[in-house]
Every structure is written in C-alpha cells, then in structure tokens.
Amino acid sequence: MLLEIQDLTLLYGRIQALHGISLYVDEGEVVALIGANGAGKTTTMRAISGLRPVASGKIIFAGQDVTKMRADLRVIRGIGQAPEGRGVFPGMSVQENLEMGAYTRRDGAGIRQDLAMVFDLFPRLKERQRQAGGTLSGGEQQMLAVGRAMMTRPKLLLLDEPSMGLAPMLIQQIFEIITRINEQGTTVLLVEQNAQQALSRAHRGYVLETGAIVKEGSGQELLHDPAVKEAYLGVA
Ligand code: ATP
C-alpha cells in the first residue's frame, strides 16, 4: 500500500467533518473519492496533504506514519497536490509557476526534464510558457495547477476536482491527461463531483457521505451500482 488511512477524524472547531475514514491507495492505482457537496472530500485531501491537523486516526504513506508530519515535508516524501481552486500565482509566468512546484528540489537536470515532461503532457502550457499565470483561461489554470504538482515528482498525486468549472471538451482532456500521468507511473487519488468520468477512469473508488465512507468498490462496480447511479450519476 502506498497510502493507508486508518479511522481518521477531523474537526473544524466543534463541527466534526470526518467521522472515522479508512481507505487505502495501492501503488499504480487511480482511486476516486466521490460524494455530494460538503461530504468531506476536500477535508480528506487536506488531512492527507497536512494542511489541516486531524483529531484522531493515522495516515501512513510509503510505510511511514506521516499523521503529524509538516505539509512541506510530506511534499518532499512524495505527496504532491493540485489544490481545489488552483492556486496559480497570477503575476508569475507559466514557467515560473511550474518552477515554483519544484522549489523543494535541488536537482537542476531533473527539474528541466520534468518541465519538458509537463510541457509534453500540456502542449497548451508550453505555448504559453512566458505568459502570466493570471491571464490564462480557467481550464489552462487548472492544467497549470496539475502541472505544478507534477513538478514535485510525486509518488502520489492528489487532485481535488480537476474538472471543476471546465467545458465538456476540456473535462475529457484533463481526464485523459490524468490517465496518461498514471500510465507513466504516478499513483493518483482523485476527488470529483464528476463521478461518471472519475469512476470510469479509476481502478477503485470510495463514496463519501457526511464525513464517512458508505461504499467502496472497483470503478466499474460503483459505476453500475444502482444507489450510486441514482445519487451521483443522475440516472435512476
Ligand atoms: P465540496 O465538493 O463542496 O468542496 P467536500 O465534500 O469537499 O464538498 P468539505 O469541503 O470537505 O466537503 O467539507 C466537509 C464539511 O466540513 C462541510 O460540512 C463543510 O461545511 C465543513 N467545513 C469545510 N471547511 C470548513 C472550515 N474551514 N470551517 C468550518 N467548517 C468547514
């Protein structure tokens, strides 16, 4: 197991957002976390990346207990994240934004190699490498956020709603790129409102409701599960 979460609880003040979540991600997998607004998907991601302390439970990454490890050290260990809301630096060029993703690294040759890899995944970013991040379209900023996370050379890539706010054609594209990133060797944990796309691309998935996991299975099992279909895929 690359990532294992055991019985995680998390509080926002007196509000309990996670009620004992357990899940795992094996090396090489794409795992999707789906659920309605407010189910706790983003909160689970924040706990894994270390942006929010947990109240109880454990997060084990690559065999090491990282539950209390600082967020930046988790990045160095190999947990890369493209956060919800993108977080692109508007005044920096596309290339500078990508280089910021590699700020924890000192291997210049590796960084240049990864920059080429990101430009290969996202030709659009290559075309716009000198343009300011803030002038990119929403879809391009989303790509830049994913590209920047790849610059940390993650073992595990956390993606929070990569398809949010994108036009249908771009949604298709971003999911194709996620599949490619995975095929090139990166494990992916994906939070998505777009359950159809996420489950059809994922090896496995979990359904989150009000801070608890209510169902898990292979992507295909969940896609064909009547309750999942009705609640998340818009078909009865
Ligand atoms: P969405 O798809 O809308 O982002 P989500 O599944 O990611 O939903 P979370 O953002 O994880 O849900 O929120 C889980 C619960 O925690 C919600 O009830 C939310 O209102 C609450 N919550 C999230 N962030 C905070 C915060 N900073 N302070 C207080 N409550 C919060």
| field | Positive-end extreme of charge dipole, the chain - chosen from Met151, Ser22, Ile213 (charges on Cβ) | value | Met151
| Where is the GNM fluctuation largest for the chain (alpha-carbon springs, 10 angstrom cutoff): Gly40, Gly205, Gly28? | Gly28
| query | What ³J(HN,Hα) values, in whole Hz, does the Karplus curve 6.51 cos²θ - 1.76 cosθ + 1.60 give for region 198-203 when θ = phi - 60°, with x put for Gly and Pro? | reply | 4, 5, 6, 9, 8, 5
| field | Thr104 versus Gln184: modelled label distance in nm, points set 7 Å from Cα along the beta carbon direction | value | 1.9 nm
| note | Note: Arg77 to Arg130 extended length (0.36 nm per residue) minus current alpha-carbon separation gives 16.1 nm
| said: For the full complex of protein chains and a 1.4 angstrom probe, list Tyr206, Tyr12 by accessible area with the highest value first. | reply: Tyr12, Tyr206
| Pick from Glu161, Glu140, Glu192: which is most flexible by mean-square fluctuation in a GNM of the chain where alpha carbon atoms under 10 Å apart are linked? | Glu140
| What is the helix-to-structure angle for 108-121, meaning the angle in degrees between its Cα long axis and the longest Cα principal axis of the chain, kept from 0 to 90 and rounded to the nearest 10? | 70 degrees
| task | For helix 138-150, report the angle its Cα long axis makes with the longest principal axis of the Cα atoms of the chain; keep it between 0 and 90° and round to the nearest 10°. | result | 90 degrees
| field | Computed over the chain, Kirkwood Rh from alpha-carbon pairs, angstrom | value | 18.0 Å
| note | With Cα springs under 10 Å, the Gaussian network model of the chain assigns the largest mean-square fluctuation among Gln196, Gln16, Gln141 to Gln16
| said: Please list, ordered by chain and number, the residues whose modelled amide H lies under 5 Å from the amide H of Ile213; skip anything fewer than 5 residues away on the same chain. | reply: Ser22
| Number of Lys pairs (Cα under 23 Å; 8 or more positions apart or on different chains) in the chain | 10
| With charges set only on the Cβ (+1 for Lys and Arg, -1 for Asp and Glu), what does the dipole of region 140-199 come to about its Cα centre, in debye to the nearest 20? | 260 debye
| message | With θ taken as phi - 60° and the coefficients 6.51, -1.76 and 1.60, list the Karplus ³J(HN,Hα) couplings across region 27-42 in order, rounded to whole Hz; mark glycine and proline as x. | response | 4, x, 8, 10, 10, 9, 10, 10, x, 6, 4, x, 6, x, 5, 4
| Which distance in nm do the two modelled labels at Glu221 and Met1 give, with both placed 7 Å along the Cα-to-Cβ direction? | 1.6 nm
| field | Amide H contacts under 5 Å for Ala17, placed H, 5+ residues apart | value | Leu10, Leu11, Tyr12
| task | Determine the share of the chain's accessible area contributed by carbon and sulfur atoms, expressed in whole percent, with a 1.4 angstrom probe. | result | 51 percent
| query | In terms of solvent-accessible area of protein heavy atoms at a 1.4 angstrom probe, what is the ranking of His19, His224, highest value first? | reply | His224, His19
| said: Run the simple label-point estimate for Arg70 and Asn37 please: 7 Å along Cα→C-beta, distance reported in nm. | reply: 3.7 nm
| query | Once amide H atoms are built 1.01 Å from N in the peptide plane, which residues 5 or more positions from Ser93, or in another chain, come under 5 Å H to H? | reply | Gly133
| How large is the accessible surface per residue of region 79-160, computed with a 1.4 Å probe and reported in Å² as a whole number? | 43 Å²
| With axes computed from alpha carbons, what is the tilt in degrees of helix 168-183 against the longest principal axis of the chain, rounded to the nearest 10 within 0 to 90? | 90 degrees
| said: Below 8 Å between Cα atoms, with a sequence gap of 6+, how large is the relative contact order for the chain in percent? | reply: 27 percent
| task | Could you size up the charge dipole of the chain around its Cα centre, putting +1 on the beta carbon of Lys and Arg and -1 on that of Asp and Glu, and report it in debye to the nearest 20? | result | 720 debye
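The values are calculated or read from the model by the stated rules, or taken from the named source; none is laboratory data. Just so you know, these numbers come straight off a predicted model, no measurement behind them. Here Cβ is always computed from backbone atoms with ideal geometry, including for glycine, and neighbour counts include all displayed protein chains. Just so you know, the surface numbers come from the protein's heavy atoms only, side chains and all, with ligands and any DNA or RNA stripped out. Shrake-Rupley method; radii C 1.70, N 1.55, O 1.52, S 1.80 Å.
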